[in-house]
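The values are calculated or read from the model by the stated rules, or taken from the named source; none is laboratory data. Owing to the predicted nature of the structure, the values given are computational and were not obtained by experimental measurement. Note: ideal-geometry Cβ built from the backbone for every residue, glycine included; neighbour counts use all protein chains shown.
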Amino acid sequence: MKSVSDELDLQDMQLLQQGDTSAYQRLVERHSQWVLNLLFRYTQDSFEAEDLAQDVFFKLYQASQQYQPQAKFKTWLYRIVVNTALNRLRSAKKLERKTLSLERKKISLANRPRENVLAKMEFYELQEKVLELLERLSPQQRLVLLLKRYENLSCAEIAEITQMSTTAIKSLLHRARKRIRDGLVKEGFLYEEKEQPPPPKFCQDEGG
């Protein structure tokens, strides 16, 4: 059963196919935030994410006549986002390392008890390390992991978006999580002993 949002998307896509540009604006307004958020998590660069988001919606407009009403619009748009992000990274000669700046975080920690400051610092160091390890993943591994973790998509949904098999998606997720977990162990953020607390959610395997 389609949601109200799905019905609105379908109506606007049909209007766009008939030349109604106001329908295009409504689609952009309805979906721009999550598209931008996903691209920022993928690139860790706000300017690049905005540039990619503009590219995504330009492609949406260009490809609007190819959209089939039988397909869920958001799944179709996810596919454009995924392909745009992967193509941008693959076309780059090298991936520039980008990490969060701890200095910006330290400002908000002023005038707090020392214990709280140290705990926050450790959290931000872990967050920075996870982002660094994310950038070491293959483009497909990174995007599949972000779709699973941040977009809460099932393996079946990711498979439909990426046009890969569910088995391939699960394999990519497993390898991505293992690489991040191994990296955190190597850097001393996690321990291999069984009695230790469970790893961060980024490293936990989940069902499809």
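What to note about this one:
- A Cβ distance below 7 Å, combined with a sequence gap of six or more or placement on separate chains, defines the contacts here; from region 61-75, residues that are assigned by TED's automatic domain parsing to the domain that holds Leu16 reach residues that are surrounded by 10 or more Cβ atoms within 10 Å (Cβ to Cβ) and of a type in the set (A, V, I, L, M, F, W, C) in the pairs Ser64/Met13; Ser64/Leu16; Tyr67/Met13; Tyr67/Trp76; Pro69/Leu10; Phe73/Leu10; Phe73/Met13; Thr75/Ile161.
- Leading residue by the ranking (nearest to the chain's Cα centre (by Cα)) among those in region 34-73 that are within 18 Å of Ile161 (Cα to Cα) and part of a loop (DSSP other than H, G, I, E, B): Lys72
- Matching helices (runs of 4 or more DSSP H) fully within region 138-188 where at least 2 residues are more than 17 Å from Thr75 (Cα to Cα): 139-149, 166-186
- When region 104-159 is filtered for residues that are at pLDDT 85 or above and more than 20 Å from Phe40 (Cβ to Cβ), the ones remaining, listed by number, are Ser154, Cys155, Ala156, Glu157, Ala159.
- Selected residue (only one of Asp51, Asp55, Asp45 is closer than 26 Å to Ala176 by Cβ and either without any contact (Cβ under 8 Å) to a residue 12 or more places away in the chain or in contact with a Phe, Trp or Tyr (Cβ under 8 Å, 6 or more places away or on another chain) (or both)): Asp51
- Single residue of region 22-33 satisfying the filter (farther than 16 Å from Tyr78 by Cβ and not charged (D, E, K, R)) that is farthest from the chain's Cα centre (by Cα): Ser22
- Only one of the numbered conditions (1) crowded, with 16+ Cβ neighbours inside 10 Å; (2) farther than 16 Å from Val82 by Cβ; (3) of a type in the set (D, E, K, R) is not met by Lys148, and that is (2).
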